[in-house]
Structure formats: structure tokens, C-alpha cells
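Below: the structure, in C-alpha cells.
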Amino acid sequence: MNEERLQEFGGHVAGYLTGAVLSFAIWLGDELGLYRAMAGQGPMTADGVAKRSGCHPTLVRQWIDGQAAGGLVTYDGTTDTYELSPEAALTLADDTSPAFMARAIQAFGSLYRDLDKLADAYRGDGGLSWSDHDAALFEGTEWFFRGGYRAELPAWLAMLDGTHTTLSNGGRIADVGCGHGASCVVMAEAYPGAHVYGFDFHAASIEIAAQRCAEAGVADRTSFAVADAKSYGGTFDLICFFDCLHDMGDPVGIARYARQRLSPEGSVLLVEPFALDDRAANMTENPLAALGYTAGATVCTPNSLSQEVGLGLGPQAGEARLRAVFDEAGYSRFRRVAETPLNLILEAKP
């Protein structure tokens, strides 16, 4: 045993433990409104933050010292004050900002609550349905993707072959696996003459998706139904899978079913987590690979294994593997439309 390497590795693990605790503290700070109490206020005392947020001053002092130690807020020892920078406010306090991340941490917090269920899946057939997870996963997932969809999705839609013109003149959109409807809201706002149909097998998510669209003022051009990815009805000019196809048990059958539901010139928009095709390179060169593989091992792949076929693509499938799915499903065209550090944006046509 190399003592120096042991110490180095221990420090590496301690860094992850610190990150885990600070992630929880971010979740707590968002839930209590502590970041919102600080946003735009300049330097504040801990008591001032506590008073503005309506929280216990002793606990707030401990929480905010941890935030300062973690580099999330700045501390001035001469005045004993704390400040949330404009950049931190966009990330932690402003839920309308594309950079907002605080609420997404719920998705990862849910995994701790589901530890026993996941352990049973690992020791059993590998299956754990999305609907059997703690409810924090559903809201956290919405907020993990919501900002990016609002910032990027209209541009992605405009890059699709002929889709922008079709939807500008009306058209029908299916959002399969719509979750809480973040993408539905964006598409309904971008194309007010089109109609967006959201489908998900999780009934509780469908209820919230309809609520989100009503809050956004687009309820008149959105409809929702509980349906899985091979049972929804209708014909559509655009069928979308936002960060969900890899979760499904039978991606090939689902892609084939979507092809049957497309209008003659229609397209499938496939948005998937970014990954490199070479697995070894992906592990070392993709900065989000550790997050992607771990999410796959705890949420995405267990859900796939709980369904028929149980292909288990996982969120790090990569473009080549996804192309193979659509080739097998009978599509004639498949191309990368765009990419971000978080996503691959792909288009498939019959």
C-alpha cells in the first residue's frame, strides 16, 4: 500500500462528500428562500438573511458559513457580512434564469430516499419503474432540464428540416414522455398556431404538465393524456423525445411506432444526454460522464429493465448507438442537428 496515494484518494473522496453535503444545503436554501432573500441585496449580515427569509438566525448562520466556505457566497470578515454575486443569483435564486440549478438537486436527493428500492433492484431483476421513485425525482428532473429547454429549444426546432414552416402555419406536435411539461410550454409559446399533445405513462406528471401549461397561459393549445410510448393516438408533424428514449424498455419498437404516427414530411426530434461514442474516451473526455453513468445506473436503466424488452440503453448511449436504433426502426434519415455540453440534438425522418 502506498501511503501517499491513500491520502490522496481519501482527499478525493472527501471532496465528493463535501459536494454531496453542499448539494443538500443548496436544496435547503432554495426550499427556504435563503438565496432569494439575498439576491440583489448587496452585503447582508446572517441575522439580516434570517429576518428577510423568516428563518431561525442560529441555523442560518451555520448554513451561510457553510455556503461561504464552499465558495457559493462571499464573506467579508471586516464587516461580518455575506453577499450573493449576480452570477450566483442567476444560478441559485432566479428560477426564470436559464442558468438556474438549485431546484434540480431534488432529482439527486431522491436517490438517497430510494436506496433500499435500488438495492433490491440490483439484487433482483434490475427493474425499478420511474413511477416507483420518490416524488422529488420528478420535480428535480423538470428543473434540471427546464432552463436549457427554454433557452435552446426554439433554435433546435428552427434547425429541423421543414418543421419551422409547418409549425408556423399550424401543425400537431407530440411530446412523448413529457414529464412535467417543461418542453410543452416552450413549444406552445414558440408556435401559437400549432397544438402540442403531451403523453406520459406517469399520471401524476400528466396532471402537473397540464397545470404548468395553464400557468404559462398556453392551455388552449396543449392537451395531455396518460399513455405509454407505444399507445398514443393521432398523426403528428413532429414527435419529440426529450431526454427520455434511453429510459424506455423498447426504444426500437417505440421509434417504429413513432414512424407510423408521423405525417409524410414529419420529423422525430430526439434530445439525448451528450456522450461520445467511444466508451473509454467518454469516461475521460466528457466532463458530465460520471453524472450520466450514475443517473443511468440508478434511474434510467432500472426503468428500462422494468419494461418489455428492457434494452437498457442508458443516458450515455451516444450518437452511433442511437442511430442504430432508428436504422433498425426503418428510418431513412438520421442526423445531428446540434449539440450542447448537456445534450445531443438529433433528427430522424422516415
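The values are calculated or read from the model by the stated rules, or taken from the named source; none is laboratory data. The structure presented is a predicted model; accordingly, all values stated were derived computationally and were not measured. The area values use the complete protein model at the heavy-atom level, side chains included, leaving out ligands, DNA and RNA. Shrake-Rupley method; radii C 1.70, N 1.55, O 1.52, S 1.80 Å.
List of remarks:
- For Met159, the solvent-accessible surface with a 1.4 Å probe is about 90 Å², rounded to the nearest 10.
- Nearby lysines by direct alpha-carbon distance to Lys230 (threshold 20 angstrom, same-chain neighbours under 8 apart not counted): Lys349
- If you take the Cα centroid of the range 64-122 and the Cα centroid of the range 15-60, the two points sit 9 Å apart.
- The chain: projected area of the alpha-carbon convex hull, averaged over directions, in nm²: 20.4 nm²
- Calculated on alpha-carbon atoms, Rg and Dmax of the range 6-91 in Å: 13.8, 45
- Among Leu262, Leu34, Leu59, residue whose mean-square fluctuation peaks in a GNM of the chain (springs only between Cα atoms under 10 Å): Leu59
- When shorter helices are ignored and each DSSP H run of at least 4 residues is given -39500 (n - 2.57), the per-residue value for the chain at 222 nm works out to -15000 deg cm²/dmol.
- Scanning residues 5 or more positions from Ser223 or on other chains, those with amide H under 5 Å from its amide H are Val196, Tyr197, Gly198, with H placed 1.01 Å from N in the peptide plane.
- Top of Ala119, Ala102, Ala155 by mean-square fluctuation, Gaussian network on the chain, Cα under 10 Å: Ala119
- Accessible area expressed per residue, the chain, with surrounding protein chains retained (probe 1.4 Å, Å²): 47 Å²
- Tail weight of P(r) past 28 Å, computed on alpha-carbon pairs of the range 203-350, percent: 22 percent
- Our coupling estimate for the range 235-242, obtained by passing each phi through the Karplus curve with A = 6.51, B = -1.76, C = 1.60 and θ = phi - 60°, is 10, 9, 7, 8, 10, 10, 10, 9 Hz, Gly and Pro reported as x.
- Among Gln62, Gln211, Gln106, the residue with the largest mean-square fluctuation in a Gaussian network model of the chain, with springs joining Cα atoms closer than 10 Å, is Gln62.
- Carbon plus sulfur fraction of accessible area for the range 210-279, probe 1.4 Å, in percent: 45 percent
- Hull volume in cubic angstrom per residue (convex hull over the Cα atoms of the range 35-172): 187 Å³
- When Ile208, Ile345, Ile26 are compared by accessible area at a 1.4 angstrom probe, the order from most to least is Ile208, Ile26, Ile345.
- Within the assembled protein chains, the solvent-accessible surface assigned to Tyr75 is about 110 Å², based on a 1.4 Å probe.
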